[in-house]
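Take a look at the structure below.
The values are calculated or read from the model by the stated rules, or taken from the named source; none is laboratory data. Note that the structure is a prediction, hence the values are computed from the model and not measured. Counting neighbours? That spans all protein chains shown, and the Cβs are built from the backbone with ideal geometry, glycine included.
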Amino acid sequence: MVGSMQHRPFARSGRSVSAIGLGTWQLGAEWGEVGDAEAEAILTTAIGSGIDFFDTADIYGGGRSEARIGRFLRNAHAPVFVATKLGRSRDPGWPRNFELDAMRRHAEGSRERLGVDALDLLQLHCVPEEVLRAGRIFDHLRALQQDGVIRAFGASVESSAEAKLCLAQDGLASLQIIFNVFRQTPIETIFDEARRRQVAIIVRLPLASGLLSGKFDARTRFGPDDHRSYNQDGEAFHAGETFAGLPFARGLELVEELRALTPPGLSLAAMAQRWILDHDAVTTVITGATRATQVRENARCASLAPLPLALHVRLRELWGARVRALVRGKD
């Protein structure tokens, strides 16, 4: 399996990363409990499947996700590119999180939990648009880079407007965006400029919080500590982070339309991830997993043949006619 994993250049870093990465929000919180044994199995399976890009954040479980990755890598001795994020901590909270001293403290905390000399990539974690527009926060990231705390910096954003502000910043290595069959706006707003500037595109929520796995129905219920239960309408944070901003019931209806378009021999989840990988602006897709078997299935998507052009056209038409107007929140 390792030999079949495709790798893609990561911006101007001189490094390449697996086309399918691992999102580790699930290893912290807000997706139900993932025990220590299962967390280790997920990470072990990722490495065994050729995945060498992990994405985490300092607030995932209050540092739990980072700590789990750090412990695993100290024992596994595997060459993994680890991207983390900062900016949403409650200590000291907004707006002081965006001051250099707080950013340095948060970055040092991540570095300690991950057990590394320098962070491979530090991303802004969906900070307010006005903070991005002011620009000072990027000067702070450059200072951390100059001091050797981080090797590169990027930004995780919620909208195309925020992405464009970040793309205008010198030294930006990456943009992390929501992009999937239900969220296609970046094709027309971001990709060309990202390619021109050689900025890596990290795709999160490729399966729209599991909706595009095709495994949910109207009877599906999520636990009280799962964001798919308490944030379906954006009650806790940006609505786009849950089911790509679609109302759950409408999403289920659209999934059935997509299922009818899925080529023989492919699962809906595989088609959805392969569709993303077919866009050459995309560097890596950080699909999450709560079970090791899911990691293995996701990794296989990198070795699949590109989808037929006619299917791409059909999926684009479906999005424009039936999906785009339903997406809530920033896009």
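A few points about this structure:
- Exactly one residue out of G50, G14 is free of Cβ contacts under 8 Å to residues at least 12 places away in the same chain, farther than 30 Å from P224 by Cβ and assigned to a loop (DSSP other than H, G, I, E, B), and it is G14.
- Some residue of the stretch 98-107 being loosely packed, with under 15 Cβ neighbours inside 10 Å and either in contact (Cβ under 8 Å) with a residue 24 or more places away in the chain or closer than 30 Å to V255 by Cβ (or both): yes
- Condition check for S160: under 21 Å from T262 (Cα atoms), of a type outside the set (D, E) and surrounded by fewer than 22 Cβ atoms within 10 Å (Cβ to Cβ): no
- Checked against (1) in contact with a strand residue (DSSP E or B) (Cβ under 9 Å, 6 or more places away or on another chain); (2) farther than 21 Å from L318 by Cβ; (3) at pLDDT 95 or above; (4) in a helix (DSSP H, G or I), L212 passes all but a single condition, namely (2).
- Checking R221, R274, R328, R259 one by one, the residue that is in a helix (DSSP H, G or I), more than 17 Å from the chain's Cα centre (by Cα) and not polar (S, T, N, Q) is R259 and no other.
- Test set (1) in contact (Cβ under 8 Å) with a residue 40 or more places away in the chain; (2) in contact with a His (Cβ under 7 Å, 6 or more places away or on another chain); (3) not aliphatic (A, V, I, L, M) - G21 fails condition number: (2)
- Some residue of the stretch 235-243 being within 16 Å of V323 (Cβ to Cβ) and hydrophobic (A, V, I, L, M, F, W, C): yes
- Screening S13 with (1) within 16 Å of L121 (Cα to Cα); (2) at pLDDT 95 or above; (3) of a type outside the set (K, R) gives one miss only, at (2).
- In the set (1) surrounded by 13 or more Cβ atoms within 10 Å (Cβ to Cβ); (2) closer than 21 Å to Q176 by Cα, the condition left unmet by D280 is number (1).
- Scope the stretch 67-105; condition part of a helix (DSSP H, G or I) and farther than 24 Å from D36 by Cα; matching residues: R96, N97, F98, L100, D101, A102, M103, R104, R105
- Residue in the stretch 236-256 that is modelled with the highest pLDDT, counting only those that are surrounded by fewer than 21 Cβ atoms within 10 Å (Cβ to Cβ) and outside any helix (DSSP H, G or I): P247
- Within the stretch 17-47, restricting attention to residues that are of a type in the set (S, T, N, Q) and in a helix (DSSP H, G or I), the residue that is nearest to P306 (Cα to Cα) is T45.
- Tally, over the stretch 243-265, of residues that are out of contact with any Leu (no Cβ under 9 Å at 6 or more places or on another chain) and closer than 19 Å to I178 by Cα: 0
- Residues that are among the β-branched types (V, I, T) and either closer than 25 Å to D52 by Cα or in a loop (DSSP other than H, G, I, E, B) (or both), drawn from the stretch 121-151: V127, V149, I150
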